[in-house]
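Asker: Here it is, the structure in full.
Rule-based calculations on the coordinates, nothing more; no lab input. As the structure is a computational prediction, the values presented were derived from the model and not from experiment. Reconstructed Cβ throughout: ideal geometry from the backbone, glycine too, with neighbour counts over all protein chains shown.
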Amino acid sequence: MRLLDYLTGLVSLLALPFIAWWSVNQSPQSAVRLEARLEARALQSLKSAGIDWANVTLDGQTAILTGGAPSGDAAEAAARTVLRSSGKGGVLFGGISQVENHAHTAEPVRPYVWTAEKMPDGKLVLSGHVPSKAQRADLMLEAGAVSRGPAEDRMVVAAGAPDGNWQGIAKLAISQLAELEAGSAVFENTVLTVRGQSMDDALRAEITGAVGAVAAPFKGVALIRGVPLWSASLAGGELVLAGAVPGEADRQALLEIVRRGFEGEVRDEMVVANTAAGGWIGGAKAGLTHLAAFRSGTLAFDPAINGFTFEGEASASTLQFLSEDMTGAAGSWRVVIAAEAAADGGSAASGPADETPGGTCTEGMNQMLESAAVGFEPGRATFRRDDAEALDRFAGIARLCSADTPLQLDVSADALAQARAAALADYLERAGAARPRLAAIAYGPSEGGRAMDTEAAARSERPVEFTVREWSGQ
């Protein structure tokens with residue numbers, strides 16, 4: 001009997017290494033199987049949350065998160081999802097005890113463009129860039145809820161969405177677009193443009209008001225065509241004036257402006273008629289002066305949407321001077337300039353848009369500024385009109401720069417210099433380049449208390465009041 005006890009003890013002793021090995025590697029609670037189970041649950045939680053950019057591996061009960069996140073917030077959200085994927089976590093509860101977040105922010109897409117299109121059959125097609133799979137799914141739910149037809153998803157997840165309520169603006173675009181028979185909404189960086197057609201004045205006014213009221217940093221533009229009170233259309237070398245004007249003198253004045261500044265054929269389809277809208281002829285005159293320099297386009301005055309709209313294609317300098325002149329000429333009527341800046345400057349006379357004086361594109365821009373090829377009116381933050389061709393070349397160089405690297409304007413504390421830098425940033429954004437960042441620095445004498453329209457400001461003119469450079473983001 002004692003011999004049997006000895007043998008049993010010996011067998012048990014010899015079996016201990018095997019039992020230990022089995023417990024670690026083969027049992028349901030083994031470290032290897034625990035890692036596999038935790039990893040599978042973490043991956044499933046990421047998938048369920050719509051986080052398709054992330055990957056996770058396990059080292060014991062420590063999760064290692066990797067991948068290119070659309071944003072820093074997205075990386076943090078993914079880490080929280082992984083940590084909670086197997087319950088409370090920790091050694092005692094058998095879940096994930098910690099997450100090592102090695103995710104990096106993916107390269108931002110520029111420009112960041114999302115599009116919604118309403119087809120005549122009622123179908124909604126969503127395409128372009130979206131910040132996350134969860135937002136992608138939410139936008140499709142919105143489209144399905146408001147569309148009178150099916151919704152199609154052509155969106156791709158990408159980094160680079162601007163800060164702010166991007167998703168809310170996109171959902172607004174879908175809801176407004178659904179009210180139209182057909183149309184489109186393009187959300188490029190921070191600007192939403194909704195286009196469509198409706199003969200219902202109340203609906204056009206409603207959509208225009210809703211889109212135009214989006215909060216900063218976003219901007220909304222609605223171009224909902226109906227039957228405008230008055231319009232001017234340029235296409236194929238012909239300019240057509242149509243609609244109602246208050247009097248014969250106004251009709252003749254508009255025709256004279258066109259015949260003086262436009263070399264092509266002019267067709268007059270205007271009629272004289274009394275209307276409830278008033279005080280708009282000054283804006284029409286100012287707009288026609290610049291429309292004659294467009295490649296093609298339309299100027300419309302529509303009281304239902306409370307003002308003037310410009311569409312088409314023109315040089316960047318033409319759009320700049322149009323904006324300046326319409327600010328005062330339109331009176332209380334709103335002005336929407338949705339025309340695009342021509343990539344080559346808009347006219348053969350302006351020269352190649354990508355002509356760089358030398359060195360890098362930022363060096364080329366600074367050379368043009370230093371040589372005063374692009375300058376301002378004395379004591380003011382408005383560009384010289386004689387510099388139109390140079391302005392177009394400058395915009396072309398800026399588009400090449402900002403396609404790869406963000407730009408920054410280093411500005412002194414001088415009030416005039418800062419106003420001019422802001423004007424230059426506005427111009428470059430209108431010309432199709434990414435808006436430069438403005439950075440106040442300490443160089444040059446400060447004249448912050450000096451008014452911009454005084455003789456003192458005119459005497460203090462300097463060839464360069466700010467410097468363009470590439471912005472590293474640091």
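Asker: Checking the a/c ratio against 1.5 first, then a/b against b/c, what shape does the Cα gyration tensor give for the stretch 236-339?
Answerer: It comes out oblate by the Cα gyration axes.
Asker: Through the Karplus equation 6.51 cos²θ - 1.76 cosθ + 1.60, θ set to phi - 60°, convert the phi angles of the stretch 170-179 into ³J(HN,Hα) values in whole Hz; use x for Gly and Pro.
Answerer: 5, 5, 4, 4, 5, 5, 6, 5, 5, 6
Asker: Taking a 25 Å limit on the Cα-Cα distance, which of the listed pairs Lys118/Lys285; Lys47/Lys171; Lys133/Lys171 fall beyond it?
Answerer: Lys118/Lys285
Asker: Also, I was wondering about something else. How far, in nm, would the chain grow between Thr275 and Glu470 when pulled straight, counting 0.36 nm per residue and subtracting the alpha carbon separation?
Answerer: 64.9 nm
Asker: Going by how many other Cβ atoms sit within 10 Å of their own, how do His102, His290 line up, fewest first?
Answerer: Taking fewest neighbouring Cβ atoms as first place, the list is His102, His290.
Asker: Taking other Cβ within 10 Å of each residue's Cβ, how do Met365, Met119 sort, fewest first?
Answerer: So the ranking, lowest neighbour count to highest, is Met119, Met365.
Asker: Right, another one. How high is the FRET efficiency from Lys219 to Asn55, r the C-beta distance, R0 41 Å, rounded to 0.05?
Answerer: Computed FRET efficiency for Lys219 and Asn55: 0.65.
Asker: Return the distance in nm (one decimal) between the two label points of a simple spin-label model at Glu389 and Glu248, each offset 7 Å from Cα along Cα→Cβ.
Answerer: Each label point is offset 7 Å from its Cα along the Cβ direction, giving 4.4 nm.
Asker: Enumerate the calculated ³J(HN,Hα) couplings along the stretch 127-135 in order (Karplus 6.51 cos²θ - 1.76 cosθ + 1.60, θ = phi - 60°), each rounded to whole Hz, writing x wherever the residue is Gly or Pro.
Answerer: 9, x, 8, 9, x, 7, 5, 5, 5
Asker: What is the gain in length, in nm to one decimal, between Glu370 and Lys285 on full extension, counting 0.36 nm per residue of separation less the C-alpha to C-alpha distance?
Answerer: Stretched fully, the Glu370-Lys285 segment lengthens by 27.0 nm.
Asker: Tell me the label-point distance for the pair Thr327, Ser127, using the 7 Å Cα-to-Cβ offset, in nm and rounded to one decimal.
Answerer: Inter-label distance under the simple model: 3.8 nm.
Asker: How many percent of the alpha carbon pairs in the stretch 113-225 exceed a separation of 20 Å?
Answerer: Beyond 20 Å sits 34 percent of the P(r) for the stretch 113-225.
Asker: Tally Lys and Arg at +1 and Asp and Glu at -1 over the other residues with C-beta under 10 Å from the C-beta of Arg225: what net charge comes out?
Answerer: Net charge around Arg225: 0.
Asker: Under a crude label model (7 Å from the Cα following the beta-carbon direction), how far is Glu76 from Asp163 in nanometres?
Answerer: Placing both labels 7 Å beyond Cα along the Cβ direction yields 1.3 nm.
Asker: Return the loop-located GluC sites (Glu not before Pro) in the stretch 262-349 (DSSP other than H, G, I, E, B) with at most 15 other Cβ atoms within 10 Å of their own Cβ; answer none if there are none.
Answerer: When the GluC sites (Glu not before Pro) of the stretch 262-349 are filtered for loop state and at most 15 Cβ neighbours within 10 Å, Glu263 remain.
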